[in-house]
């Protein structure tokens, strides 16, 4: 029996995180400022700050030149002004201002989302590295269990079904380990197979071995925070504010389209006809009076409502506005649901976590295992089964612990807290 003690003790000692050089979580989160997606959005925002709505009341100005009968000394010079529709200047100014505010809010929402993606990568990588260590230890245990069962072949205690079950469990464990190893490789390179998102690491190293978990926030602290906080979705939530501004942009574009269809005056033109002037000057030699003002011409063009304008663009803008309004209401409802659900899930998971920890620390279970280790002549299969139960309990504990972290990040993401202080590491104990 004593020969099993070193083996079982080695199985009991599990490494939670890799001992490889660890990346500081705060440093990794701050790389969001160098994300190419955010850089491009900042460029758009900077560009829009410099834009204007154009000349008030005027849609366009043309300088026109025309000759008559192929004579270049009888030119007509004209300035044609195309006025805007009634209310069009106001609508264009409103769109210009709203676009600038909307893109600023879009930048903040994008930063919030990109930071959240980094938090999920941190949690998912640590989870995979934690669980794969436990799975490997559990697979070693099943290898020993199979070896013990094979030695019992031919004895009365041998049961072929036990051997088949043990081999099936080992096969499943090895399959899970292969999948976990593949996911860890992807996560270390910035691709999260859980969310399907690729993150630009922007770190000196090409891969992340693991993250430094010094000062990692305990789940009990998260549970206390949820218990003492009333979660009500803020009307100025970072995502709601972005979509509300997007809705305003769509509404303003519809208003502009309506104003453009009120261009009842299509143009105003002031012209000077050099040919008419020459004719008037020629008349004076005939003894006739002449009037050089006849060389000046004014023209005014009118649109005929509902005939010259196509209402397709108006209908398209109206439908786009209604669609954005529907999307906004759906997002608001979804965020309200997610905040409450994630908070409730955390509380339920904390209760499960406390129960499993209590089970692990149960005096009877631990003392029974220790007593078995000290006894001679005890069936090793009993010891292995007892240790298997303890290790499976440890795996459940880790699964619940990291699910708490994921729900915690979702709450911070939905409430927009991540972008309020981008440099802060919310996974560190406050």
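Every number here is computed from the coordinates shown, using simple stated rules; none is lab data. These numbers come from a predicted model, not from an experiment.
Miscellaneous remarks
- Rounded if a/c under 1.5, otherwise prolate or oblate - segment 50-95, Cα gyration tensor axes: prolate
- For segment 202-279, projected area of the alpha-carbon convex hull averaged over all directions, nm²: 16.0 nm²
- Relative contact order computed over segment 97-249 (Cα-Cα under 8 Å; 6+ residues apart), in percent: 35 percent
- Our compactness index for segment 138-211, the C-alpha radius of gyration over the empirical 2.2 N^0.38 Å, is 1.74.
- Contour minus Cα-Cα distance for residue 262 and residue 382 (0.36 nm per residue): 34.4 nm
- Take the Kirkwood radius over Cα pairs of segment 129-275, plug it into Stokes-Einstein at 4 °C and 1.567 mPa s, and you get 55 µm²/s for translational diffusion.
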